Structures are given as C-alpha cells and as structure tokens.
Amino acid sequence: MTITQTQSRSLLGLKDLSQNEIQSILDRAAFWEQHANKTHNLLNGKFVANMFFENSTRTRTSFEVAEKRLGAEVINFSAAASSVEKGESIYDTVRTLESMGIDAGIIRLKPIGLLAEMAPKIKVPLINAGDGNNEHPTQALLDLYTMQKHFGTLKGLNVAIIGDILHSRVARSNLYALRQFGANVMFCAPDDMQAKDLDVQYVSMEKAIKADVVMMLRVQLERHSSGILKSADTYRESYGLTVARASQMANHAIIMHPAPVNRDVEIDSELVEAANSKIFPQMANGVPIRMAVIERALV
Ligand code: CP
C-alpha cells in the first residue's frame, strides 16, 4: 500500500471528511447492523492491533468485537503492561507493531497533535480512537448514526451539546460532522469549560434543553489542569440534565451521552435508561460503525 492509499484508508478525524464519505460509512454500518450477530471471514489473516495508551471500556471493546465479527486476528496492546512503562515512546511502540506485520492499528492517546504527526510515517492505516481533546471520530460517527436512525435525517436537526466542551474530543468531532449534514449545533457550558477556538453559539441551559438532541458530556476531571469543578452539586444545579429539566424537553427529543456517565452530576441517574435516552443504543451502534470503519481501512 502506498502512503496515499494508507492515508485515505486511515481515519484520523472528521474535520476533513465530506458528507458523502461520512454517509457511506453510516450506510455501511446499517448493513453491518443487520449482520452484526454473525461472524464473517472478510478479514481472515489480517492482524489488527488495538493500541490504547489511555483507558477505555466502550471504544476498545467495541473495536475488538467489530474486528472479531469481521474475522480479523486481534492484538490487544496494553500500554500499562508494555515497554512504554520503561520509557519507550508512542511512536516507537507503533513502529514496533508495524514492523511485526500488523495490517491496521486502532490508537487512543493523550498528547494532542502526535497522531497527525506520526500517521504519515506509518505505512498501515491508523484509526483514531480518541486523541487528547482533539477528535474522537468513531464516537461521532456512532452518534450521527444514532440520530439519523431515530430522526431519518440530520439536516436542520437542532443538537445541543452540553457540558465540558473545552476538554471534549467528542464535541469537536460531532460539530465537524453534523455541520457537514446541515444540522444546527449549539453548545452550552460554564465559562471555564468553553472552547473559545470553536466558532459555535453558546446558549443557556433553558434553550439547550429545547433542542431535538440533548447531548450531555462528562466532566472530564482527568483533563482538568486545576480545580475547574468546584462542586459536583453546584455543577448539577447549573448544567446537569436533572429530572426537572428533562421534563421540559420536547416529546420527540432524545438524550445522548458518549459515556462513561457521572450519574447525578451531568445527568440524573433516573434519566440514563429513560425511554428517550439513547445512551445504551449509542454503545450498541458502536459495533457496526467500527465494522464499517475497519472494513474501509482494510478491504
Ligand atoms: N465513549 C468512550 O469513548 O468511552 P470509553 O472511554 O469507555 O472508550
């Protein structure tokens, strides 16, 4: 594979993906959703490495399920049990697995910018499973898939993304992709959790909860440099989706959250599995989306 072919098969982010490219992934995911409970032999003999340099439950596991559903050989690289602990760099680790003959790598890492810098030097497709607060493309793809499945179209949909925008790669990837489809994205966040670099309108909680999609974000304490979050109770009172606020949502509206969820901080526990919550369906949709993304990388 040439570097150009590798780059077009990689998925580093959604910022530069067209509506057509995104829609073709969503369409293929719809196919795989119909066939997700069977194992296929499409990737027989192909090795896919899951390289997670930051913790994950949903993304890592659903990539592994997707790879196995497609018949790939799966290598689960754990940074905590590797030579990273002896000081080996992320780049050298990826080059090491590449030199052993992996066909594609799924990668999650903390440093912002490292993936974009590293990708042109790697000869196998890389799929971004979350890099710092930059992008989380497969999360946004499964979010779009969930919304499109529910509403039929994304065009004109009012999507409110509420919470710790500043530290959220999910907010960025959703913004880039939703705008391609003509959705109206609005943000709602306390001043010290706003991303000033993004050209998006910030609205009040009262307005945000009137959107068609109310997408709550986790307060990402692990990325806070100082004590931005003064008190979980105060945050919930001002920016949490409480039962009282949820009762003011439109009848047709849905609740989303990429999870993991801080129950009773950004969302009341009773709402996580409410009838209008898509939180667990989002997780289920992660498997066919990741099947489509891996197929795009390797077939
Ligand atoms: N939504 C998400 O990325 O979850 P994990 O951190 O568990 O992968």
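The values are calculated or read from the model by the stated rules, or taken from the named source; none is laboratory data. In this text the structure is predicted, and so the values were computed from the model without any measurement. Counting neighbours? That spans all protein chains shown, and the Cβs are built from the backbone with ideal geometry, glycine included. We work out accessible area using only protein heavy atoms, side chains counted, and drop any ligands, DNA or RNA first. Shrake-Rupley method; radii C 1.70, N 1.55, O 1.52, S 1.80 Å.
Annotations
- Pairs with Cβ under 8 Å, 6+ apart, first in the range 4-25 and more than 22 Å from Gly286 (Cβ to Cβ), second modelled with pLDDT of 95 or more and open to solvent by 80 Å² or more (accessible area, probe 1.4 Å): Thr6/Lys123
- Of all the criteria given as (1) touching a residue at least 40 places away in the same chain (Cβ under 8 Å); (2) of a type in the set (D, E, K, R); (3) within 16 Å of Thr6 (Cα to Cα), the one not satisfied by Glu117 is (1).
- Selection from the range 264-283 of residues that are within 15 Å of the ligand (Cβ to nearest atom) and of a type outside the set (S, T, N, Q): Glu266, Ile267, Val272, Lys278, Ile279, Phe280, Pro281, Met283
- Of all residues in the range 49-70 being of a type in the set (A, V, I, L, M) and either within 19 Å of His136 (Cα to Cα) or without any contact (Cβ under 8 Å) to a residue 24 or more places away in the chain (or both), the one that is farthest from the ligand (Cβ to nearest atom): Ala49
- Matching strands (runs of 3 or more DSSP E) fully within the range 125-205 where at least 1 residues are at positive phi and under 18 Å from the mean Cα position of the chain (by Cα): 126-131
- Among the residues making up the range 122-149, those that are more than 13 Å from the ligand (Cβ to nearest atom) and open to solvent by 10 Å² or more (accessible area, probe 1.4 Å) are Lys123, Val124, Asn134, Tyr145, Gln148, Lys149.
- Flag if Arg290 is touching a residue at least 40 places away in the same chain (Cβ under 8 Å) and more than 16 Å from the ligand (Cβ to nearest atom): no
- Residue match in the range 22-36 (condition: more than 20 Å from the chain's Cα centre (by Cα) and either loosely packed, with under 12 Cβ neighbours inside 10 Å or within 16 Å of the ligand (Cβ to nearest atom) (or both)): yes
- Of the candidates Thr61, Thr39, the single residue that is open to solvent by 70 Å² or more (accessible area, probe 1.4 Å) and outside any strand (DSSP E or B) is Thr39.
- Yes/no for Ala72 being in contact with a strand residue (DSSP E or B) (Cβ under 8 Å, 6 or more places away or on another chain), farther than 30 Å from Ala208 by Cβ, not basic (Lys, Arg) and not assigned by TED's automatic domain parsing to the domain that holds Gln180: yes
- Counted residues, the range 71-88 - those being away from the ligand (no atom under 16 Å from the Cβ) and out of contact with any helix residue (DSSP H, G or I) (no Cβ under 9 Å at 6 or more places or on another chain): 4
- The set of residues from the range 5-36 being closer than 14 Å to Glu295 by Cβ and not in a helix (DSSP H, G or I) comprises Ser10, Leu11, His35, Ala36.
- Considering residues of the range 29-70 that are of a type in the set (A, V, I, L, M) and under 19 Å from Thr146 (Cβ atoms) only, the residue modelled with the lowest pLDDT: Ala36
- When the test is whether a residue is in the same structural domain as Ala246 (by TED's automatic domain parsing), open to solvent by 10 Å² or more (accessible area, probe 1.4 Å) and in contact with a Pro (Cβ under 8 Å, 6 or more places away or on another chain), Val185 does not pass it.
- Taken over the range 89-111, the criterion of being away from the ligand (no atom under 16 Å from the Cβ) and open to solvent by 60 Å² or more (accessible area, probe 1.4 Å) is satisfied by Tyr91, Asp92, Arg95, Ser99, Met100.
- Of residues in the range 247-260 being in contact with a strand residue (DSSP E or B) (Cβ under 7 Å, 6 or more places away or on another chain) and without any contact (Cβ under 8 Å) to a residue 60 or more places away in the chain, the one nearest to the ligand (Cβ to nearest atom): His257
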